[in-house]
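Engineer: Can you keep this structure in mind? I'll have questions shortly.
The values are calculated or read from the model by the stated rules, or taken from the named source; none is laboratory data. Predicted model, so just to flag it, every value in this text is computed and none were measured. Reconstructed Cβ throughout: ideal geometry from the backbone, glycine too, with neighbour counts over all protein chains shown. Heads up: the accessible areas ignore ligands, DNA and RNA and are worked out on the full protein's heavy atoms, side chains in. Shrake-Rupley method; radii C 1.70, N 1.55, O 1.52, S 1.80 Å.
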Amino acid sequence: MSPVPNAQATTPTKPFLRTLAGLPSARPPIWLMRQAGRYLPEYRETRAKAGSFLDLCYNPELATEVTLQPIRRFGFDAAILFADILLLPQALGQGLAFKENEGPVLDAIRTSGELARLDANGIHKKLAPVYEAVSRIKAGLPDECALIGFAGAPWTVATYMLEGRGSSDHAAAKTWAFGNPEGLDALMDILVEATGAYLERQVQAGAEAVQIFDTWAGVLPEQEFRRYCIEPVKRIIARLKGKYPSLPVIAFPRGAGVMYDGYAAATGADALGMDYTLPVSWARDHLWPKTVVQGNLDPRLLVVGGQALADGVNRLLRSFPQQRYIFNLGHGIVPETPVRHVEELVRLVKGMQVSA
Ligand code: CP3
């Protein structure tokens, strides 16, 4: 297949893609993690129409609608495909359900032997509605707005596959990391291959950049961080860049702390999503401007709003002036966020009303 779909082959014109390419822009582009979600009344309405969260993910028409809702309302510079990182394990054959107020529940993999249950052959057939959604979103986007595809990083996806649900201590995955590293390596191999293939298809369908979410990168000691967070992401990015050399890749190793230092060079990521605990002054000194950075307003500040929000926004805009910075939150927007606070945030960033 030819590498034609990569829209980055020429100098990009969309502000989000220009910033990722290191080109200057009048103001930082803005989008928000989980920008399509329950804080929006129109999302809740569409989700009710779809039936369940998973029904919504697999309905290209409605997934397109909820992806575009925050773009219409706020004029963000990028749209992110509406889907979930756990669709991939489901496509590999693992049972998945989203229980109301409980989050995801999967049929946990308990032993290395059970990895044989995973089957990579049928993933594209199962994920076809996602690729169709990507094409439809691309067709419906305003000219200036870029489309981000995404996947979970293998480590984060593995924590759910092995635990069977979200957990606070990641006991199952860490037990594999320390007690059965060859077994976890085998799972990483499966996920690296499937994730690379999944992201490639998203790019072919129209994604102009991709983000890799490593939500639980912050729970591993150094050696295991290198083996299960850096290595797998590096292999996925190498594959993507081999096919699409100018495809921008954003990595979000949440909670990685000082391990953010060197992470972009080690993985080949073009940009780093900063979580809200990463000190901005440290990021400015150690990551930026060599690496494009994105983030990291605390989502709770967006719930609080008012002067506290304005101060937080100003601090970020002052810290990363002119280029190589994408405005975002330091994790996903929470459901109780008032819509008018998001409007205010966009106004502040687009107006660049930085006060001294
Ligand atoms: O950012 C976007 O708007 C795009 C869509 C998107 C969703 N999930 C939709 C979603 C993206 C990029 C994700 C990524 C994702 N999913 C991550 C990594 C980022 C992060 O937030 O840390 C993780 C860990 C998941 C797994 C997941 N999905 C969990 C743990 C939950 C339950 C928690 C919750 O908020 O309910 C989900 C559900 C989910 N994924 C929702 C949405 C909009 C809420 C579902 C609903 O409508 O009820």
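Engineer: Do we have residue 117 as open to solvent by 10 Å² or more (accessible area, probe 1.4 Å), among the charged types (D, E, K, R), over 20 Å from residue 173 (Cα atoms) and at pLDDT 95 or above here?
Structural biologist: On the way: open to solvent by 10 Å² or more (accessible area, probe 1.4 Å): yes; among the charged types (D, E, K, R): yes; over 20 Å from residue 173 (Cα atoms): no; at pLDDT 95 or above: yes.
So residue 117 does not fit the description; no.
Engineer: Can I ask one more? Is it fair to say residue 100 is open to solvent by 50 Å² or more (accessible area, probe 1.4 Å) and either among the β-branched types (Val, Ile, Thr) or away from the ligand (no atom under 15 Å from the Cβ) (or both)? Write out each step before concluding.
Structural biologist: Values: open to solvent by 50 Å² or more (accessible area, probe 1.4 Å): yes; either among the β-branched types (Val, Ile, Thr) or away from the ligand (no atom under 15 Å from the Cβ) (or both): no.
Judged against the criteria, residue 100 is not a match.
Engineer: Which condition from (1) under 22 Å from the mean Cα position of the chain (by Cα); (2) open to solvent by 10 Å² or more (accessible area, probe 1.4 Å) is the one that residue 345 breaks?
Structural biologist: Of everything listed in (1) under 22 Å from the mean Cα position of the chain (by Cα); (2) open to solvent by 10 Å² or more (accessible area, probe 1.4 Å), residue 345 misses just condition (2).
Engineer: Kindly provide the set of residues from segment 10-44 that are more than 16 Å from the ligand (Cβ to nearest atom), in contact with a Leu (Cβ under 9 Å, 6 or more places away or on another chain), open to solvent by less than 30 Å² (accessible area, probe 1.4 Å) and among the aliphatic types (A, V, I, L, M), ordered by number.
Structural biologist: 17
Engineer: Only one residue in 275, 298 is within 16 Å of the ligand (Cβ to nearest atom) and without any contact (Cβ under 8 Å) to a residue 40 or more places away in the chain, so which one is that? Show your work before the answer.
Structural biologist: On the way: 275 fails: without any contact (Cβ under 8 Å) to a residue 40 or more places away in the chain.
Only one candidate qualifies: 298.
Engineer: Quick check on my filter: what residues within segment 213-225 are open to solvent by 10 Å² or more (accessible area, probe 1.4 Å) and touching a residue at least 12 places away in the same chain (Cβ under 8 Å)? Walk me through it before giving the result.
Structural biologist: Let us first name the residues in segment 213-225 that are open to solvent by 10 Å² or more (accessible area, probe 1.4 Å), namely 213, 215-216, 218-224.
Passing the criteria: 213, 215, 216, 218, 219, 220, 222, 224.
Engineer: Sticking with this one: Considering only residues of segment 316-341 that are more than 16 Å from the ligand (Cβ to nearest atom) and surrounded by fewer than 14 Cβ atoms within 10 Å (Cβ to Cβ), which is farthest from residue 18 (Cα to Cα)? So that I can check it myself, show each step before the final result.
Structural biologist: So in segment 316-341, the residues more than 16 Å from the ligand (Cβ to nearest atom) come out as 316-325, 338, 340-341.
Now narrow it down to the ones that are surrounded by fewer than 14 Cβ atoms within 10 Å (Cβ to Cβ): 318, 321-322, 338, 340.
On the way: 318: 20, 321: 15, 322: 12, 338: 30, 340: 28 Å.
Top of the filtered list is 338.
Engineer: So which residues in segment 209-226 are more than 15 Å from the ligand (Cβ to nearest atom) and of a type outside the set (Phe, Trp, Tyr)? Talk me through it step by step, then tell me what you get.
Structural biologist: First pass over segment 209-226, keeping only residues more than 15 Å from the ligand (Cβ to nearest atom): 220-226.
Those that are more than 15 Å from the ligand (Cβ to nearest atom) and of a type outside the set (Phe, Trp, Tyr): 220, 221, 222, 223, 224, 226.
Engineer: Being open to solvent by less than 20 Å² (accessible area, probe 1.4 Å) and either of a type in the set (A, V, I, L, M) or closer than 18 Å to residue 33 by Cβ (or both) is the filter here, so list the residues in segment 83-94 that pass it.
Structural biologist: Residues of segment 83-94 open to solvent by less than 20 Å² (accessible area, probe 1.4 Å): 83, 86-89, 91-92, 94.
Result: 83, 86, 87, 88, 91, 92.
Engineer: Testing residue 122 on (1) surrounded by fewer than 21 Cβ atoms within 10 Å (Cβ to Cβ); (2) touching a residue at least 24 places away in the same chain (Cβ under 8 Å); (3) within 16 Å of the ligand (Cβ to nearest atom), one condition comes back false. Which one is that?
Structural biologist: In the conditions (1) surrounded by fewer than 21 Cβ atoms within 10 Å (Cβ to Cβ); (2) touching a residue at least 24 places away in the same chain (Cβ under 8 Å); (3) within 16 Å of the ligand (Cβ to nearest atom), residue 122 misses (3) alone.
Engineer: So, one more: Mind checking which pairs have a first residue in segment 240-266 that is more than 16 Å from the ligand (Cβ to nearest atom) and of a type in the set (Gly, Ala, Ser) and a second that is open to solvent by less than 50 Å² (accessible area, probe 1.4 Å) and assigned to a loop (DSSP other than H, G, I, E, B), Cβ under 7 Å, 6 or more apart or different chains?
Structural biologist: Final answer for the pair search is 246/6; 264/291.
Engineer: For residues that are within 11 Å of the ligand (Cβ to nearest atom) and open to solvent by less than 20 Å² (accessible area, probe 1.4 Å), tally how many sit in segment 51-70.
Structural biologist: 7
Engineer: In this structure, is residue 109 away from the ligand (no atom under 12 Å from the Cβ), more than 21 Å from the chain's Cα centre (by Cα) and open to solvent by less than 10 Å² (accessible area, probe 1.4 Å)? Write out each step before concluding.
Structural biologist: On the way: away from the ligand (no atom under 12 Å from the Cβ): yes; more than 21 Å from the chain's Cα centre (by Cα): yes; open to solvent by less than 10 Å² (accessible area, probe 1.4 Å): yes.
When the stated conditions are applied, residue 109 passes them.
Engineer: Would you point out the residue of segment 76-97, among those that are assigned to a loop (DSSP other than H, G, I, E, B) and more than 11 Å from the ligand (Cβ to nearest atom), that is farthest from residue 126 (Cα to Cα)? It would help to see each step written out before you state the result.
Structural biologist: Step one: list which residues in segment 76-97 are assigned to a loop (DSSP other than H, G, I, E, B), which gives 76-77, 81-86, 92-95.
Narrowing the set further to residues that are more than 11 Å from the ligand (Cβ to nearest atom) leaves 77, 92-95.
Details: 77: 30, 92: 9, 93: 10, 94: 12, 95: 13 Å.
So, considering only residues that are assigned to a loop (DSSP other than H, G, I, E, B) and more than 11 Å from the ligand (Cβ to nearest atom), the one farthest from residue 126 (Cα to Cα) is 77.
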